[in-house]
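Some notes on the structure that comes next.
The values are calculated or read from the model by the stated rules, or taken from the named source; none is laboratory data. Note that the coordinates shown come from a computational prediction; the quantities given were computed from them, not determined experimentally. Virtual Cβ from ideal backbone geometry, glycine too; neighbours counted across all protein chains shown.
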Amino acid sequence: MNVGIDIGYSSVKAVAGPDRLVTFPSVVGTPDRARFAVNSTDRHIIINLPGEKSWLVGEGAISQSRFVDRREDRDWIVSNAYRRLMLAGFTEVTAAAWCELVVVTGLPVAFYSADKDALRDRFLGQHRVVREGRRAQTFLVTECRVIPQPFGALLAEALNDQGRIVNQDLATGAVGVIDIGGKTTNLLSVNRLAEIGRETASINLGAWDVARAVREHLTDYCPSLELRDHQVIDAIVKRRMRYFGTDVDLGDVIDATLEPMADQVIALATQLWNGAAGLEAILLAGGGALLLKPYLTRAFPHVRAVENPVFANALGYWRFAVRLGAQTSVRRVG
């Protein structure tokens, strides 16, 4: 099986086919549960690993766990929490008792050179996990390719589901990618599907900066309101919310955060890409893509958001994994 998996600070996205896209928050917690619920439709991910206790992963950990592990640091790729998220992602894309995997994943561009080998080693080999309600599963990762994170968005646009190049302009031209994640924004420069290292960088800002600003505003002006993360994001998208039956306009606080963020991204992109006039296109991806797009198009008229900004990297990883699998099959036949 070919799998593209994007384990971000805010969420895990995994793709194993055009109709097999899954996501859940990057949170691991203790397996606490509600003692009573009228509706038992919530689907919790509870996994057991050899030599460990049970872990609740994703949305269930946010709502139920007494203690949670949600990290946002560079070293988390070697942590137990990262491994648990990786295996939970595998159990989401297949229920098979035994599965051989070709995996493509990514790293922020700032950490790519130093950390890619360690991350590859983390994925390779045999992994065993028991997910509640299933028999034990064993995953054998025979190949893992680690690429710069935003490269996935470009591959999602340039390749089809068979791993073949379908967009020659992107495959043969100079392209910029701006990937706006939860905590970091990556700027990637590519020419003929090869990274231009001197024109690639990261900024320590992302969509959660907007969420934090909105949450602080609501704490001051709507003190009786307690919102979960996904509710804050929904309010940001709508630019308003309801409080005691009345509309609260969030436009000003959102703009006050987004404008300086966009200015910082524009300044770095202009510096790295010499004004960006020579690029075929600038692709926007990540959870913050649609939030910043109106601001970025003022500076770069050839900016466009990819078809599925949230899943773009994972989808591109999967299509690249399919391409790798096809190349391996050709070599074996030859």
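Which ones in segment 1-32 are hydrophobic (A, V, I, L, M, F, W, C), more than 19 Å from residue 75 (Cα to Cα) and outside any strand (DSSP E or B)?
Passing the criteria: 1, 16.
Hey, can you tell me all the residues within segment 123-140 that are touching a Lys or Arg at 6+ places or on another chain (Cβ under 8 Å) and small (Gly, Ala, Ser)?
136
Just name the residue that is modelled with the highest pLDDT out of those in segment 102-132 that are out of contact with any helix residue (DSSP H, G or I) (no Cβ under 7 Å at 6 or more places or on another chain), outside any helix (DSSP H, G or I) and buried (at least 16 other Cβ atoms within 10 Å of the Cβ).
Within segment 102-132, the match that is modelled with the highest pLDDT is 130.
How about segment 272-302: which of its residues are more than 27 Å from residue 211 (Cβ to Cβ) and surrounded by fewer than 13 Cβ atoms within 10 Å (Cβ to Cβ)?
274, 275, 277, 278, 301
Condition first: surrounded by fewer than 16 Cβ atoms within 10 Å (Cβ to Cβ), free of Cβ contacts under 8 Å to residues at least 60 places away in the same chain and under 18 Å from residue 282 (Cα atoms). Can you find one or more residues in segment 223-230 that meet it?
There is no residue in segment 223-230 that is surrounded by fewer than 16 Cβ atoms within 10 Å (Cβ to Cβ), free of Cβ contacts under 8 Å to residues at least 60 places away in the same chain and under 18 Å from residue 282 (Cα atoms).
How many residues are assigned to a strand (DSSP E or B), of a type in the set (Val, Ile, Thr) and closer than 13 Å to residue 147 by Cβ if we restrict to segment 185-201?
1
From (1) at positive phi; (2) out of contact with any helix residue (DSSP H, G or I) (no Cβ under 6 Å at 6 or more places or on another chain), pick out the condition that doesn't hold for residue 239.
(2)
Out of the residues in segment 202-222 meeting the condition of being in contact with a Ser or Thr (Cβ under 9 Å, 6 or more places away or on another chain) and either at pLDDT 90 or above or not in a helix (DSSP H, G or I) (or both), tell me which one is surrounded by the fewest Cβ atoms within 10 Å (Cβ to Cβ).
204
Pairs needed: first member in segment 45-64, over 12 Å from residue 28 (Cβ atoms); second member anywhere, in a strand (DSSP E or B) and among the polar types (S, T, N, Q); C-beta distance under 9 Å; at least 6 residues apart or different chains.
48/54
Within the bounds of segment 230-245, is there any residue that is out of contact with any His (no Cβ under 6 Å at 6 or more places or on another chain), of a type in the set (Asp, Glu), at pLDDT 85 or above and not in a loop (DSSP other than H, G, I, E, B)?
No, segment 230-245 contains no residue that is out of contact with any His (no Cβ under 6 Å at 6 or more places or on another chain), of a type in the set (Asp, Glu), at pLDDT 85 or above and not in a loop (DSSP other than H, G, I, E, B).
Within segment 71-95, work out how many residues are touching a residue at least 60 places away in the same chain (Cβ under 8 Å) and outside any helix (DSSP H, G or I).
The total comes to 3.
Filter segment 134-169 down to residues that are in contact (Cβ under 8 Å) with a residue 24 or more places away in the chain and assigned to a loop (DSSP other than H, G, I, E, B), then give me how many there are.
10
Scanning segment 243-262 for residues that are charged (D, E, K, R) and touching a strand residue (DSSP E or B) at 6+ places or on another chain (Cβ under 7 Å), which turns out farthest from residue 215 (Cα to Cα)?
Here the residue is 247.
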